[in-house]
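Below you'll find the structure, written out as C-alpha cells, and then a few comments.
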Amino acid sequence: MSDQSDLEILLDEINAIANENIKHCDMPFEIYIYEAERLHTRATEDLSKLSAVNMPVGLIDKLHTRTKALSRAQLNWVELSGEKKQAMTNFKAETPALLKLRKHLIDNMQFAFRNDKDLLKKIRDIKKGNSLASIIFDLALLSRLGKSNVEALQAINFDLSLCDKATEEYERISNLLAVKDSKMYIPDEMLLIRNKAFTLLKQVVDEIRRYGKFVFRDKPGIVKAYQSEHHCKRNAEYYNNKKNNSSQS
C-alpha cells in the first residue's frame, strides 16, 4: 500500500481532530517521521515483551500506517510550498520588463499627445496606478489608447508594434498572475492535514514509548530506543551549555 493510500484511509480520523487539539511538532517533521519508523522496528522486535504488559498489539499497525500517512502529508505540503515559491519567483522575474514597457509607452505617449489635454489626462490617470494588478491593466489601456491615436504616434516615429506587444504582455502576465494567486492563496488545507496527521501519529508514538520505558526501565541501553534521540541530544546540549556558562561566570 502506498503512503498516499495510507493517508486517504486515515483522512476521516485526521479530519475528526479538532483544530484546538492539534499538537505542535517541536522538531523537523522529517526527523520525527524517521524516529517513528525506528520505533516501529524496535517495538516490533519487542512485541512479545510489550504484549506481556497488555500493550494492544494493534498499536504496532497503527504506528506503521500513521507514520506513512504523515510522511505523505508532509511531502504534499512541501510540494505545495515549493509551487508557491516558484510561482512567486516566476512572477517577480517578469516584473522589471513589465514596468519598463509601461514606462516606455507612457513616456512616448505623453510626448506624442503633448498638445491634447484630454489625452494627457488619460495618461495621468493611468500613471496613478501603483498596484501590480493595475500596472498590468495599464498595458491594455495604453495599447488601446495608442491604437486610437496612431497619427500622433507616427509623427514621432513611435514603433506601433509595441501597442500589440502591450496587449500580448497584458494577456500573458494576467494569466501568470492568476496562476501565482491561485498558488499563493490556496487555503492551507494540506498544512492542516499535515498537522493533524502528526497529532494522530503522536498519540500512538507516545503510548508505545510509555510501554517501552516501563518494560525496559531497568535496561538503560534498551530504554533509549523508546526515547526521542532528537530530544535527548537537544537536552544534553542545553545542559552542557548551561554548565559551561555557569563555570565561566
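The values are calculated or read from the model by the stated rules, or taken from the named source; none is laboratory data. Because the structure is a prediction, the values reported are computed rather than measured. Every residue, glycine as well, gets a Cβ built from its backbone with ideal geometry; the counts of neighbours run over all protein chains shown. Just so you know, the surface numbers come from the protein's heavy atoms only, side chains and all, with ligands and any DNA or RNA stripped out. Shrake-Rupley method; radii C 1.70, N 1.55, O 1.52, S 1.80 Å.
Tabulated results
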| quantity | calculated |
| --- | --- |
| Accessible surface, the chain, averaged per residue in Å² (probe 1.4 Å) | 61 Å² |
| Sites matching trypsin sites (Lys or Arg not before Pro) across segment 105-176 that sit in DSSP coil, with at most 14 neighbouring C-beta atoms within 10 Å | R114, K128 |
| Above-threshold pairs, the threshold being 18 Å between Cα atoms, out of K49/K213; K68/K213; K62/K224 | K68/K213; K62/K224 |
| Qualifying aspartates and glutamates (Cα of each under 14 Å from Cα of K219; at least 8 residues distant if same chain) | D46 |
| Mean Cβ count within 10 Å, highest first, over the residues of peptides 188-197, 65-74 | 65-74, 188-197 |
| Nearest 10 degrees, 0 to 90: helix 132-147 Cα axis against the chain principal axis | 20 degrees |
| Chain lengthening between N157 and E171 when straightened (0.36 nm per residue, less Cα-Cα) | 2.5 nm |
| Percent carbon-and-sulfur accessible area, segment 2-108, ignoring ligands, DNA and RNA, probe 1.4 Å | 53 percent |
| Phi to ³J(HN,Hα) by Karplus 6.51 cos²θ - 1.76 cosθ + 1.60 over segment 115-120, Hz, x for Gly, Pro | 9, 10, 4, 5, 5, 5 |
| Fluctuation leader among G82, G212, G58 - the chain, Gaussian network, Cα springs under 10 angstrom | G58 |
| Kirkwood-based shape ratio for segment 52-127, expressed as Rg/Rh from alpha carbons | 1.63 |
| Reachable aspartates and glutamates, given that their alpha-carbon falls under 12 Å from the alpha-carbon of K127 and they are not under 8 places away in the same chain | D107, D138 |
